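Please treat every number below as a calculation from the coordinates, not as lab data. Since we're looking at a predicted model, the values are computed, not measured. Neighbour counts are summed over all protein chains in view; Cβ atoms, including those assigned to glycine, are modelled from backbone coordinates with ideal geometry.
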Amino acid sequence: MGKIAFIFPGQGSQTAGMGKTLAEADKSVMAIFDKADEKLNLPLSKLIFEGPQEELTLTTNAQPALLTTSIAILEFFKQSGIQADYVAGHSLGEYTALVAAGAFSFEDGVYAVRKRGELMEAAVPNGEGTMAAVLGLDRDKLKAVTDEVTSEGSSVQLANLNCPGQIVISGSKKGIELASVRAKEAGAKRVLPLVVSGPFHSELMKPAAEKFTEVLNEITVKDAGIPVIANVSANEMSSSNEIKERLIEQLYSPVLWEDSVQRMISLGVDTFIEIGPGKVLSGLVKKIDRTVKIYAVSDKETCLEVIESLKEEIQ
């Protein structure tokens, strides 16, 4: 059997009720939710378990909620003894991966992403920046479009390179409007506006990145115990200094998800386990490489099924 990667979802995968049945069934899982409430001094677990969905989806809530739920699910899954050779996460999910790799404590992680959410929300006045998914256009052609629009004075960049034929662009409202029209002219099949509260992973997030440096200085960042594939480089990172630098860059740089998955495959990974709510990343991995095994664990039932499947393969 080849190597195993644990991958962790980012914003957009949150749903009210996530992690609830698992927390009710297992004390060590519930302890994670309790720790989050205590660290943030707010009833985050109540919002996660009961909603309302609109409030849970706000960036400042969604980020700590997803990190907490994914780590809680990991806590249950770890009882199987199955370990990862590599970890990675999509955008916010990178923080979950870093907690899983021991680069920072869960409490520091949940605090950092709550602050990250607040800074991202505050960086650009509401309604001035947005994002859109471009389907069916390769990255070089799309980058030529965004570079051209930006050079004309309306900021727009590639933000998430998710899988072949699916790239998210981010920038000013005007920049996204112009780039959407030109992307279609360049051969894109569809352009879908995203319902987001800001232009994440674009140059417009640089003010947030500067302030976020102070947040990272407040927490203890250690060397990672498992190599983490960084969003901004699609390469392994493990030293604490590099981790800090990459997390600051990540706020205004594209998430190289397709490249990250390819990198893990080149390192011998043939089994990807998505840990957290939803199956967004599982779907992307499938589009990147159909030959690898992909599992998603989000509750007790899926955890036990995956543990069973993997134990048979390992033997």
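For the chain, what is the convex hull volume of its Cα atoms per residue in Å³?
Each residue corresponds to 119 Å³ of Cα convex hull volume.
Which one, 100, 65, 122, has the greatest fluctuation when you compute a Gaussian network model over the chain with C-alpha springs under 10 angstrom?
Of 100, 65, 122, the most mobile in the Gaussian network model is 122.
Just to be sure I follow: if Rg is taken over the C-alpha atoms of segment 131-196 and Rh is the Kirkwood radius over the same atoms, what is Rg/Rh?
Ratio of gyration radius to Kirkwood radius for segment 131-196: 0.91.
Charges only on Cβ, +1 for Lys and Arg, -1 for Asp and Glu: so what's the dipole of segment 172-315 about the Cα centre, in debye to the nearest 20?
740 debye
Express the relative contact order of segment 131-196 as a whole percentage, based on alpha carbon pairs under 8 Å and six or more residues apart in sequence.
Relative CO of segment 131-196 lands at 47 percent.
Looking at this model, which pairs from 244/300; 27/279; 211/279; 115/173; 20/279 are more than 29 angstrom apart at the alpha-carbon?
244/300; 211/279
Report, in debye and to the nearest 20, how large the dipole of segment 131-196 comes out about its Cα centre when Lys and Arg carry +1 and Asp and Glu carry -1 on their Cβ.
200 debye
Projected onto the charge dipole of the chain (+1 at Lys/Arg Cβ, -1 at Asp/Glu Cβ, origin at the Cα centre), which of 171, 248, 192 gives the Cα projection farthest towards the positive end?
Positive-end residue among those listed: 192.
If you add up the charges near residue 161, with Lys and Arg at +1 and Asp and Glu at -1, over every other residue whose beta carbon is less than 9 angstrom from its beta carbon, what do you get?
Local net charge: -1.
Pop the C-beta distance of residue 308 and residue 152 into the FRET formula with R0 = 41 Å and round what comes out to the nearest 0.05.
The value I calculate is 0.15.
Trypsin sites (Lys or Arg not before Pro), restricted to segment 270-303: which are DSSP loop and have at most 13 other Cβ atoms within 10 Å?
290
With the crude spin-label approximation of a point 7 Å out along Cα→Cβ, what separation in nm comes out for residue 239 versus residue 140?
About 3.4 nm separates the two model spin labels.
Would you mind working out the magnitude of the charge dipole of the chain relative to its Cα centre, with +1 at each Lys and Arg C-beta and -1 at each Asp and Glu C-beta, to the nearest 20 Debye?
That gives a dipole near 560 debye.
Positive end of the charge dipole of segment 264-315 (Lys, Arg +1 and Asp, Glu -1 on Cβ, about the Cα centre): tell me which of 304, 283, 268 has its Cα farthest that way.
Looking along the dipole axis, the top candidate is 283.
Label segment 247-298 by shape, choosing from rounded, prolate and oblate, from the square roots a ≥ b ≥ c of the eigenvalues of the Cα gyration tensor; if a/c is under 1.5 it is rounded, and otherwise prolate applies when a/b is larger than b/c, oblate when it is not.
oblate
For residue 189, list the aspartates and glutamates whose Cα falls under 17 Å from its own Cα; do not include residues on the same chain fewer than 8 positions away.
Partners found: 138, 140, 177.
Counting helices only, and only those DSSP H runs with n ≥ 4, report the 222 nm mean residue ellipticity of the chain as the sum of -39,500 (n - 2.57) divided by its residues, in deg cm²/dmol to the nearest 500.
Helices in the chain give a 222 nm mean residue ellipticity of -16000 deg cm²/dmol.
With a/c under 1.5 counting as rounded, go ahead and sort segment 1-136 into rounded, prolate or oblate using the C-alpha gyration tensor (a ≥ b ≥ c being the square roots of the eigenvalues; past the cut-off, prolate if a/b is larger than b/c, else oblate).
oblate
In the chain, what percentage of the DSSP-assigned beta bridges are antiparallel, given to the nearest 5?
Antiparallel bridges make up about 55 percent of those DSSP assigns within the chain.
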